[in-house]
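> Let me give you the structure first, and then I'll get to my questions.
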Amino acid sequence: MFASKNSITRRYKKLSRLHTTIHHKTNFFPGQRSGEEVQLCVRTHWVRRAIIFSHFILLGIATPGGILYLLSLINFPFFVQLILNLLLIFYLLFAWLLTFIEFIKSEMTLLVATNERIVDITQVSLFDQQISETNLDRIQEVSGHTHGILRTLLDVGRLEIQTASGEAPLVIRFVESPQLTARKILDIQKNSQQQRRTSDFRKREDDQLHGRKGENLSQEELKKMRGAEVKNHSRQRKPDQSV
């Protein structure tokens, strides 16, 4: 009749996973490894979406409205007006499709910094996603750049990550507070290196302790072996003394 405690916990876990997936929280991303913790998640600024929306107003609303107004001033034959109306409809569909693709690209582009690596998820086109990653140890330089009066006032700029491979730097545009984001990535790298050093130091200490325990055990075994040899030698000498 009543649901058991295990079934309730299972349902709660499923609902929490669904809530995490829907709201795009920063504790999960495609290709995440087991035990990997997300430290920073960088998305494009709302300025990028505002630019896309302004382009849509200019190309999808203002331009077709002007074309319709000009066509209304000229008396074309019915066949010519039909062809022009069809061309205008195709133009509107193309403008809306292009706006939708640009919006999807801006929403699906993401930079994730974990305690092990940097993952760049770039939506190249509607059905083309590019994922590149680099370890934190290979990062040499992280810099943020802001150009222009409007971008300086809105604190929006470009983030560049230079790796040790000598290839072109990883560039992420329309990043909020690029200098602060660069400093956070460098702090994540520093903390990861410190944690790795402490773990290596603890591992060395454990190895030394195990080695010392092994030496103590070997000394005890030697003492036992020497005691057994002494007892055997004394037993062999007792019959000679009685004779």
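> Return yes when residue 98 is farther than 30 Å from residue 136 by Cα and at pLDDT below 85 and no when it is not.
Taking the combined requirement at face value, the residue does not satisfy it.
> In region 83-127, what residues are charged (D, E, K, R) and part of a helix (DSSP H, G or I)?
The answer is 102, 105, 107.
> Check residue 189 against each of (1) within 20 Å of residue 50 (Cα to Cα); (2) out of contact with any Cys (no Cβ under 8 Å at 6 or more places or on another chain); (3) touching a residue at least 24 places away in the same chain (Cβ under 8 Å) and name the one condition it does not meet.
Against the list (1) within 20 Å of residue 50 (Cα to Cα); (2) out of contact with any Cys (no Cβ under 8 Å at 6 or more places or on another chain); (3) touching a residue at least 24 places away in the same chain (Cβ under 8 Å), residue 189 comes up short only on (1).
> With respect to residue 159, determine if the residue is of a type in the set (A, V, I, L, M, F, W, C) and in a helix (DSSP H, G or I).
no
> Can you name every residue in region 142-153 that is in a helix (DSSP H, G or I) and either in contact with a helix residue (DSSP H, G or I) (Cβ under 6 Å, 6 or more places away or on another chain) or crowded, with 16+ Cβ neighbours inside 10 Å (or both)?
The answer is 151, and nothing else.
> Please go through region 165-195 and give me each residue that is among the β-branched types (Val, Ile, Thr), surrounded by 13 or more Cβ atoms within 10 Å (Cβ to Cβ) and assigned to a strand (DSSP E or B), ordered by number.
Result: 172, 175.
> Could I ask something else about it? Looking at region 95-116 only, could you name the residues that are crowded, with 16+ Cβ neighbours inside 10 Å and free of Cβ contacts under 8 Å to residues at least 60 places away in the same chain?
95, 99, 102, 105 - these are the residues of region 95-116 that are crowded, with 16+ Cβ neighbours inside 10 Å and free of Cβ contacts under 8 Å to residues at least 60 places away in the same chain.
> Hey, among 26, 63, which residue is among the β-branched types (Val, Ile, Thr), at pLDDT below 85, assigned to a loop (DSSP other than H, G, I, E, B) and within 30 Å of residue 148 (Cβ to Cβ)?
None of the others qualify; the one that does is 26.
> If the Cβ limit is 8 Å and pairs must be 6+ apart or interchain, which residue in region 71-89 that is closer than 23 Å to residue 59 by Cβ pairs with which residue that is among the hydroxyl-bearing types (Ser, Thr, Tyr)?
none
> Among the residues of region 34-56, is any loosely packed, with under 14 Cβ neighbours inside 10 Å, in contact (Cβ under 8 Å) with a residue 24 or more places away in the chain and in a loop (DSSP other than H, G, I, E, B)?
Within region 34-56, one or more residues are loosely packed, with under 14 Cβ neighbours inside 10 Å, in contact (Cβ under 8 Å) with a residue 24 or more places away in the chain and in a loop (DSSP other than H, G, I, E, B).
> Right, something else. Find all pairs meeting these conditions: Cβ atoms under 7 angstrom apart; at least six residues apart or on different chains; first residue within region 136-151 and free of Cβ contacts under 8 Å to residues at least 60 places away in the same chain; second residue part of a strand (DSSP E or B) and hydroxyl-bearing (Ser, Thr, Tyr).
Here the result reads 138/163; 139/163; 140/163, each pair linking region 136-151 to a residue that is part of a strand (DSSP E or B) and hydroxyl-bearing (Ser, Thr, Tyr).
The values are calculated or read from the model by the stated rules, or taken from the named source; none is laboratory data. Remember, it's a predicted structure, so these values are computed and weren't measured experimentally. Positions of Cβ are generated from backbone atoms using ideal geometry, with glycine treated the same way; all protein chains shown enter the neighbour counts.
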